[in-house]
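Structure, as structure tokens:
The values are calculated or read from the model by the stated rules, or taken from the named source; none is laboratory data. Owing to the predicted nature of the structure, the values given are computational and were not obtained by experimental measurement. Every residue, glycine among them, receives a Cβ derived from its backbone with ideal geometry; neighbour counts consider all protein chains shown. Ligands, DNA and RNA are excluded from the accessible area calculation, which covers all protein heavy atoms including side chains. Shrake-Rupley method; radii C 1.70, N 1.55, O 1.52, S 1.80 Å.
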Amino acid sequence: MCLGYPGRIIEIKGDFAKVDFGSGVIKDNIIISLVDAKVGDYVIVHAGYAIQVLDEEEAKKTIEIWNEYLKSISENR
Amino acid sequence: MEEFVKMVHGQGGTAMQQLIKNYILKYLGWGEAELPLKALDDSGVMNGIILKSDSYTVKPLFFPGGNIGTLAVSGTINDILMVGGKPLALALGLIIEEGFPFKELSAIIESIANLAKSVDVPVITGDTKVVERGALDKLVLNMSGIGIRHPLLDHNFKVVREYRKEFNAKWLMDANLRPGDKIILSGYIGDHAIALLSVREGLKFKSEIKSDAAPLIGVMDAALKIGGVVAAKDPTRGGIANLLNEWRDKSNVGIKIYEEKIPIRDDVRSACEYLGLDPLELGNEGKAVLAVIDEMAEDVLKAIRKHPLGKNAEIIGEVTKEFDYVVMETIIGGLRIIPPPIGDPVPRIC
Amino acid sequence: MSDLKSILMLYRDPKLAKRLTEKIHELAKEINDYTLIMHVCGTHEWTITHYGIRSLMPDNVELRAGPGCPVCITPASDIDAIIKLSLDGIIVMAYGDISRAKGGKGISLEDAKSMGGKIKIVYSVQDAFLLAKELSDEDIVFFGVGFDTTAPATAYMIKRDPPKNLSVLSSYRYVPPAVGALLEAPDLAIDGIINPGHSSTVTGMKPYKEYFDKHKKPMVFSGFEPIDVLISIYLILKQIRDGKAEMINEYTRSVTWNGNVKAMKTLLSVFQLEEGYWRGFGIVDNSAFEFKEEFDFVNARVKYGIRKPTARGEFVEGAKCADVIKGKIDPIECPLYMKECTPDNPKGPSMVSIEGTCRIWAEHKVTAILKCRI
């Protein structure tokens, strides 16, 4: 049950948050207390709770690094 | 064999095909006709007359982009078009639950009238029944229709025979596909199912997703005018996954499609991903898939794209000898088999 | 939303996929030996099947699914116990998937419903708690099924203030020891492991170190987009070619060395790790989350005398569920696959669960492995 979706926190009320998963799918009642997140952050939600704050910088970095690396090794043939 | 009918038996996939095989064809398959029942094509043809019967149980009755009435007019007309017919007239059978508001009945009938008028296919006969409260869910209807041979069909087949001398089919049939034929999809998939779901599940999108229900007379006219079309079908229940598998079975060919070529709105794609739905299996009510001989495919595509209902058309794949299945090349270049769906993932869309 | 979504779409880039595939083929050629890469996550299997990643693999590289489907490994005796409770008039709350899995007696919770059993399908533990508060006169049992990814939510809700009428049957499992057991298994010659992405987001990479140190096989913690998986396969093959073994984090946007410390702390303040039975897989040390003594009041095992599951094979005769769950064979090697056992008429848990390998293969009608010409 690894299914986790990224969504943006649009509201926090106590221990629960309202998360926007895009395309009109907004879920209330997401447990937010097991991560350090604020409104506007992207979180990965699994089984009704946020398991991690999504690191956008890392997301960008990984793809950039791999694109660069693969481009360079195919150029150096 | 099953003891009781389940919802899945009406959802256009393999379960429904079992019901048809074991009960419908078993008893009714004896009839001989130009395009008989046992061909299980979009319509039947007898003595040059095309006949189609379709019932509509969509829920809710009113949805973004239409209602059960506009859906019915579109669906029945399209099924007549898909065998190469020109729709002539419709017959409307209404079954109404006691207590149904006249206001809503009036809105539905008016929609039927307006749409039928706009395409010049009148309702010339019908029937009305009322049943006790609780005996059915508000309203269901049957829309049957007749047609004659499309005036451009012979020209269309003449063009086919210029490149395929042995082609001798009289109608656009599911069995007509041959390796090399191209597959054209007339526009965005998934709109109708997601429009219904958006009402049922309360989803909101950046711009409202509307049902695509529409009669495709103009699109078929444009395609047949160019010529080279060997088969046509509308991807309703079970979506293009079901449609392509029916073509595969009846023509005995493999089909390869390309995920990146399939037209789908971003919002619909994301909604499908989140909801765990496969857009290939979702029903559409205003789209056609055409099998066209390779040599004419680009021209047919251009002609369809000139029509407002075909402006997002794409060549999504081809008929092939390479595989025995319907296969899709995924966006990352991998291959996967597209099986016939067991049913439509969204119930009661038509 | 659009900025993040557009970054994530890059993890489906066809050009990048092509380059990775070419490199994977180059490495496989240099390795020249049969190479078995295993993963332990139903969602990874979904990505692999859905994007046709196996069709892109060189002939000597095999990707196989291990026990990564929580429904599949939930002990049949726990399913039987929960069914008995529902037939005895206690309201059982469970997720949809587990309610269709058949227990050792051949019936599922769903079947029990049509026999008069009291069952409510819920989508989250919060929903179960809310419903239990509404039905305060009834006795409620929540069936806790899932891995370390899922369990923290339950632990959290229990610490908050559980309704007095609610108890929980915990069948939760801890994944790292299962990976250790896979590497240990003599009949599986695993060359590399794709580690779960979200389970390890919670547990962190740290708990895997002891198993890595013992077996020294390449281990890559992978995300779930197709590019993530291709990168992970590439990284494993590169290590094999170079004769190295490392623990590498590919899923850096979510996985860290220490994981989600808050979630793990919450989890281990409510549960303790004991010997755990994984259906089809066997006994794995320290892999079952059982309630600590101070939570006896909410522990369904204590309240209803449900014993802890022990080793017992309970699958349909002739079915090779255990071998599929363990990752010993592919579904098409089971004699029942897509014949007697189909998604419409599942015979085992791997066909029932949406994350079961058999179900994923069946829905994608995998009866043959297609290969792309690279």
Might you let me know whether region B:215-228 holds any residue that is at positive phi and within 14 Å of chain A (Cβ to nearest Cβ)?
no
Q. Does any residue of region B:310-332 turn out to be within 14 Å of chain C (Cβ to nearest Cβ), at positive phi and free of Cβ contacts under 8 Å to residues at least 60 places away in the same chain?
A. no
Scanning region B:247-265 residue by residue, those open to solvent by 40 Å² or more (accessible area, probe 1.4 Å) and either of a type in the set (A, V, I, L, M, F, W, C) or over 18 Å from B:Ala313 (Cβ atoms) (or both) turn out to be B:Arg248, B:Asp249, B:Lys250, B:Asn252
In region C:131-178, residues that are of a type in the set (Val, Ile, Thr) and part of a helix (DSSP H, G or I) total 2
Quick count over region B:280-300, residues being open to solvent by less than 30 Å² (accessible area, probe 1.4 Å) and either in a helix (DSSP H, G or I) or of a type in the set (Gly, Ala, Ser) (or both), is 8
Residues in region C:210-249 that are charged (D, E, K, R), away from chain A (no Cβ under 11 Å) and in contact (Cβ under 8 Å) with a residue 40 or more places away in the chain total 2
Quick one: is A:Ile12 surrounded by fewer than 22 Cβ atoms within 10 Å (Cβ to Cβ) and part of a helix (DSSP H, G or I)?
no
**Message:** I'd like to know if region B:20-41 contains one or more residues that are farther than 30 Å from B:Leu152 by Cα, under 18 Å from the mean Cα position of the chain (by Cα) and not in a helix (DSSP H, G or I).
**Reply:** no
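Assess whether C:Asp78 counts as being in a helix (DSSP H, G or I) and under 20 Å from C:Thr149 (Cβ atoms). I'd like the intermediate steps shown before the answer.
Values: in a helix (DSSP H, G or I): yes; under 20 Å from C:Thr149 (Cβ atoms): yes.
The answer is yes for C:Asp78.
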The one condition B:Ala271 fails out of (1) small (Gly, Ala, Ser); (2) within 14 Å of another protein chain (Cβ to nearest Cβ); (3) surrounded by fewer than 24 Cβ atoms within 10 Å (Cβ to Cβ) is (3)
The condition of being open to solvent by 10 Å² or more (accessible area, probe 1.4 Å), in contact with a Pro (Cβ under 8 Å, 6 or more places away or on another chain) and not in a loop (DSSP other than H, G, I, E, B) holds, among B:Val159, B:Val199, only for B:Val199
The one condition C:Pro207 fails out of (1) more than 14 Å from chain A (Cβ to nearest Cβ); (2) touching a residue at least 12 places away in the same chain (Cβ under 8 Å); (3) part of a helix (DSSP H, G or I); (4) farther than 24 Å from A:Asp36 by Cβ is (4)
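Here's the yes/no breakdown for (1) of a type outside the set (Lys, Arg); (2) open to solvent by 50 Å² or more (accessible area, probe 1.4 Å); (3) over 24 Å from C:Ser167 (Cβ atoms); (4) part of a loop (DSSP other than H, G, I, E, B):
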residue: C:Leu235; (1), (2), (3), (4): yes, no, yes, no
residue: C:Ser269; (1), (2), (3), (4): yes, no, no, no
residue: C:Glu275; (1), (2), (3), (4): yes, yes, no, no
residue: C:Asp296; (1), (2), (3), (4): yes, yes, no, no
residue: C:Arg301; (1), (2), (3), (4): no, no, no, no
residue: C:Asp323; (1), (2), (3), (4): yes, no, yes, no
- [ ] Go through the residues of region B:246-257 one by one and say whether even a single one is away from chain A (no Cβ under 14 Å), within 20 Å of B:Lys311 (Cα to Cα) and either touching a helix residue (DSSP H, G or I) at 6+ places or on another chain (Cβ under 8 Å) or in a helix (DSSP H, G or I) (or both).
- [x] yes
When every residue in region C:50-75 that is in a strand (DSSP E or B) and away from every other protein chain (no Cβ under 14 Å) is compared, the one surrounded by the most Cβ atoms within 10 Å (Cβ to Cβ) is C:Arg64
Result of the Cβ filter at 8 Å on region B:266-283, keeping first residues that are farther than 19 Å from B:Gly187 by Cβ and partners that are open to solvent by less than 60 Å² (accessible area, probe 1.4 Å) and among the β-branched types (Val, Ile, Thr), at least 6 apart or interchain, is B:Tyr274/A:Val25; B:Leu275/A:Val25
Of those in region C:250-267 that are touching a residue at least 40 places away in the same chain (Cβ under 8 Å) and not in a helix (DSSP H, G or I), the residue farthest from the other protein chains (Cβ to nearest Cβ) is C:Trp257
Qualifying residue in region B:86-97 (condition: in contact with a helix residue (DSSP H, G or I) (Cβ under 8 Å, 6 or more places away or on another chain) and in contact (Cβ under 8 Å) with a residue 60 or more places away in the chain)
yes
With the first residue restricted to region C:6-28 and required to be within 13 Å of A:Ile73 (Cα to Cα) and surrounded by fewer than 17 Cβ atoms within 10 Å (Cβ to Cβ), and the second required to be among the hydrophobic types (A, V, I, L, M, F, W, C) and at pLDDT below 95, Cβ contacts under 7 Å at 6 or more apart or on different chains are C:Glu22/C:Ile374
Result of the Cβ filter at 9 Å on region B:36-48, keeping first residues that are more than 12 Å from B:Trp171 (Cβ to Cβ) and partners that are open to solvent by 80 Å² or more (accessible area, probe 1.4 Å) and part of a helix (DSSP H, G or I), at least 6 apart or interchain, is B:Leu37/B:Leu28; B:Lys38/B:Leu28
Checked C:Thr47, C:Thr43 against criteria (open to solvent by 10 Å² or more (accessible area, probe 1.4 Å), farther than 16 Å from C:Ile190 by Cβ and under 17 Å from the mean Cα position of the chain (by Cα)); the one match is C:Thr43
Reported set for region A:15-41 where residues are open to solvent by 40 Å² or more (accessible area, probe 1.4 Å), more than 7 Å from chain C (Cβ to nearest Cβ) and of a type outside the set (A, V, I, L, M, F, W, C) is A:Asp15, A:Lys18, A:Lys27, A:Asp28, A:Asp36, A:Lys38
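Can you tell me which residue is nearest to the chain's Cα centre (by Cα) among those in region A:42-67 that are more than 7 Å from chain C (Cβ to nearest Cβ) and open to solvent by 30 Å² or more (accessible area, probe 1.4 Å)?
Going residue by residue through region A:42-67, those that are more than 7 Å from chain C (Cβ to nearest Cβ) are A:43, A:45, A:50, A:53, A:57, A:61, A:64-65.
Narrowing further to those that are open to solvent by 30 Å² or more (accessible area, probe 1.4 Å): A:53, A:57, A:61, A:64-65.
Values: A:Val53: 6, A:Glu57: 11, A:Lys61: 15, A:Glu64: 18, A:Ile65: 19 Å.
It comes out as A:Val53.
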Query - Test for B:Gly134: is it open to solvent by 10 Å² or more (accessible area, probe 1.4 Å), in contact (Cβ under 8 Å) with a residue 12 or more places away in the chain and more than 26 Å from B:Val73 (Cα to Cα) - result: yes
Of the conditions (1) buried (at least 21 other Cβ atoms within 10 Å of the Cβ); (2) closer than 23 Å to B:Lys170 by Cβ; (3) at pLDDT 95 or above, the single one that B:Gly75 does not satisfy is (2)
Condition set open to solvent by 20 Å² or more (accessible area, probe 1.4 Å), assigned to a loop (DSSP other than H, G, I, E, B) and closer than 13 Å to B:Val292 by Cβ, scope region B:168-196, selection nearest to the other protein chains (Cβ to nearest Cβ): answer is B:Gly180
Sole miss for C:Lys84 among (1) at pLDDT 90 or above; (2) touching a strand residue (DSSP E or B) at 6+ places or on another chain (Cβ under 9 Å) is condition (2)
